[in-house]
1. In nm, to one decimal, how far is the modelled label at Val28 from the one at Leu45, with both set 7 Å along Cα→Cβ?
2. Report, in debye and to the nearest 20, how large the dipole of the stretch 2-93 comes out about its Cα centre when Lys and Arg carry +1 and Asp and Glu carry -1 on their Cβ.
3. For the charge dipole of the chain, defined by +1 on Lys and Arg C-beta atoms and -1 on Asp and Glu C-beta atoms about the Cα centroid, which residue among Ala70, Pro35, Gly18 has the Cα displaced farthest towards the positive pole?
4. Would you mind estimating how fast the chain diffuses translationally, via Stokes-Einstein at 20 °C and 1.002 mPa s with the Kirkwood radius over Cα pairs, in µm²/s?
5. Any lysines with Cα under 18 Å of the Lys9 Cα? List them, leaving off those in the same chain fewer than 8 positions away.
6. Rounded to the nearest 500 deg cm²/dmol, what is the calculated helix-only ellipticity per residue at 222 nm for the chain, with -39500 (n - 2.57) per DSSP H run of length n ≥ 4?
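No lab work stands behind these numbers, since they all come straight from the coordinates. Just so you know, these numbers come straight off a predicted model, no measurement behind them. Glycine also receives a Cβ, built like all others from the backbone with ideal geometry; neighbour counts cover every protein chain displayed.
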Amino acid sequence: MSNNNDDEKSVLVSVLAGIGIGVLVGAVAGLLLAPKSGVETREDLSKSLGDLSDKVSELGRTVTQKVSGAVERTRAQVTQKLGEGSTDGEEALG
């Protein structure tokens with residue numbers, strides 16, 4: 001069960017790292033290749049960072065929902081297994 005949580009965390013870290021690297025590469029390429037004034041470039045960069053912030057927030061909400069669902073499923077499985085274990089123990093004694 002712990003292995004599933006580790007896998008989910010690993011996927012989350014990979015996704016966030018990929019997004020971060022993509023944004024940095026895009027921002028650097030945009031700055032180097034854009035034939036704009038410094039003011040326009042800073043405005044574009046500011047807008048891009050705002051968009052990134054929105055995307056990361058949305059991703060965080062999505063991941064939170066998925067992890068919460070996984071935790072609830074795991075909790076239900078553990079509860080079910082514990083219930084089955086106590087029933088088996090009572091049958092052995094009775």
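1. 1.4
2. 480
3. So the residue furthest toward the plus end is Pro35.
4. Diffusion coefficient, whole number: 125 µm²/s.
5. Lys66
6. Details: 2 runs with 88 residues, N = 94.
Computed ellipticity for the chain at 222 nm equals -35000 deg cm²/dmol.
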